[in-house]
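The values are calculated or read from the model by the stated rules, or taken from the named source; none is laboratory data. As the structure is a computational prediction, the values presented were derived from the model and not from experiment. Every residue, glycine as well, gets a Cβ built from its backbone with ideal geometry; the counts of neighbours run over all protein chains shown.
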Amino acid sequence: MLHWLWVLIVGAIIGIIAGAITSRNVPFGWIGNILAGLVGAWLGQALFGTWGPNIAGMALIPAILGAIILVLLVSWLLGRSKKS
C-alpha cells in the first residue's frame, strides 16, 4: 500500500520538475502533474532505459526527461487546438 503512495508522490514531483524546467503549466493541477510524472516516467524509461538513481521503481533522470517531452508535447497540442 505504501509503495503506491510513494509512486504517486514521486510522480507528482517529477511532473512538477518537468513543468518548472519547461516553464509551462500542466493542465488539471496536481492530477495533471501526477499523470505527467507517471506517463513521463514510463515514456522516459522506454526511450532512454533505466539508468541513474531509482525511487519508487522509477529511474529519475529518464523519468524527468520523458516528463519534459510529454509536457512539451501536450502544451504544443493544446496550443494548436486553441488556435484553430
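The number of residues in region 23-56 that are out of contact with any His (no Cβ under 8 Å at 6 or more places or on another chain) and either part of a loop (DSSP other than H, G, I, E, B) or of a type in the set (Lys, Arg) (or both) comes to 11. Hey, does region 21-44 have a residue that's surrounded by fewer than 12 Cβ atoms within 10 Å (Cβ to Cβ) and modelled with pLDDT of 85 or more? Within region 21-44, none of the residues are surrounded by fewer than 12 Cβ atoms within 10 Å (Cβ to Cβ) and modelled with pLDDT of 85 or more.
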